[in-house]
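The values are calculated or read from the model by the stated rules, or taken from the named source; none is laboratory data. Nothing here was measured: the structure is a model prediction, and the numbers come from that model. Every residue, glycine as well, gets a Cβ built from its backbone with ideal geometry; the counts of neighbours run over all protein chains shown.
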Amino acid sequence: MAVIEKFLGQRVEVPEDRRYHSKQGLWARAQAQNIDFGFTQPALILAGGVNDLDWLVKDDASVQAGQDVVFVITGKILYLSAPIAGVVSFNPAVKQNPSLASEDPYEKGWLFRMKPEVNKEEAWRTLADSQSYIESLKGSEGFKNPEGLKGGVSGICKAVYSGIREQKF
């Protein structure tokens, strides 16, 4: 397990036994003939957790890589796309209780499962390893603001936060 001690003021874990779709902050875990996908802890911290979600395609639909499959409301609105082509199925437990995605992101909080169109090993190789994923985070707000300071590291944001704090309502 790789650990980042200070990522936007929090300690986060990145399992080394998984692969990653860095662009969307998703982990991937091989299961029999399928690959499960869910949010990584760093992605959840950057997004502000999961408030709600909905499926954009029917369960057991055949999808192409890059096709949007999940609509997620976090601190932002996100559209998650299928990292690989194949048949997608969803985790009904996380639909009923979206907080599972944040509370147990690496086990019960998986979002969707895909049966790859190509063989699983070929699909698996298209995903990044844990070190590549961590490297992709180096330019993120989490690494730029390891203490999790309000207003982040941007001079403009700091000025706005400072100005708001000093206002009398």
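Among the residues here, residue 94 does not qualify as in contact (Cβ under 8 Å) with a residue 24 or more places away in the chain, surrounded by 18 or more Cβ atoms within 10 Å (Cβ to Cβ) and assigned to a strand (DSSP E or B). For the range 18-28, the criterion of a residue being under 22 Å from residue 118 (Cβ atoms), modelled with pLDDT of 95 or more and part of a loop (DSSP other than H, G, I, E, B) is satisfied by at least one position.
In the range 51-72, how many are in a strand (DSSP E or B) and either in contact with a Ser or Thr (Cβ under 6 Å, 6 or more places away or on another chain) or not acidic (Asp, Glu) (or both)?
Looking only at that region, the number is 10.
Residue pairs whose Cβ atoms lie under 7 Å apart, sitting 6 or more positions apart in sequence or on different chains, and linking a residue in the range 9-36 that is free of Cβ contacts under 8 Å to residues at least 40 places away in the same chain to a partner that is of a type in the set (Asp, Glu), are 11/5. Checked against the criterion of being among the small types (Gly, Ala, Ser), part of a loop (DSSP other than H, G, I, E, B) and under 27 Å from residue 11 (Cβ atoms), the candidates 38, 75 yield just one match: 75. Regarding residue 58, is this residue surrounded by fewer than 16 Cβ atoms within 10 Å (Cβ to Cβ) and free of Cβ contacts under 8 Å to residues at least 24 places away in the same chain? Answer is yes for this residue.
Being in a helix (DSSP H, G or I), without any contact (Cβ under 8 Å) to a residue 40 or more places away in the chain and surrounded by fewer than 16 Cβ atoms within 10 Å (Cβ to Cβ) is a property that does not hold for residue 43.
Within the bounds of the range 72-86, is there any residue that is in contact with a Pro (Cβ under 7 Å, 6 or more places away or on another chain) and loosely packed, with under 13 Cβ neighbours inside 10 Å? There is no residue in the range 72-86 that is in contact with a Pro (Cβ under 7 Å, 6 or more places away or on another chain) and loosely packed, with under 13 Cβ neighbours inside 10 Å. Here is the figure for the range 23-40: residues that are surrounded by fewer than 22 Cβ atoms within 10 Å (Cβ to Cβ), more than 13 Å from the chain's Cα centre (by Cα) and on the phi < 0 side of the Ramachandran plot total 5. Taking residue 102 as the residue in question, decide whether it is touching a Leu at 6+ places or on another chain (Cβ under 7 Å), surrounded by 15 or more Cβ atoms within 10 Å (Cβ to Cβ) and under 17 Å from residue 20 (Cβ atoms). The answer is no for residue 102.
When the residues of the range 1-17 are narrowed to those that are in a strand (DSSP E or B) and over 13 Å from the mean Cα position of the chain (by Cα), which ends up surrounded by the most Cβ atoms within 10 Å (Cβ to Cβ)? The selected residue is 7. If you go through the range 81-140 and keep only what is under 13 Å from residue 63 (Cα atoms), in contact with a helix residue (DSSP H, G or I) (Cβ under 9 Å, 6 or more places away or on another chain) and charged (D, E, K, R), you end up with just 117.
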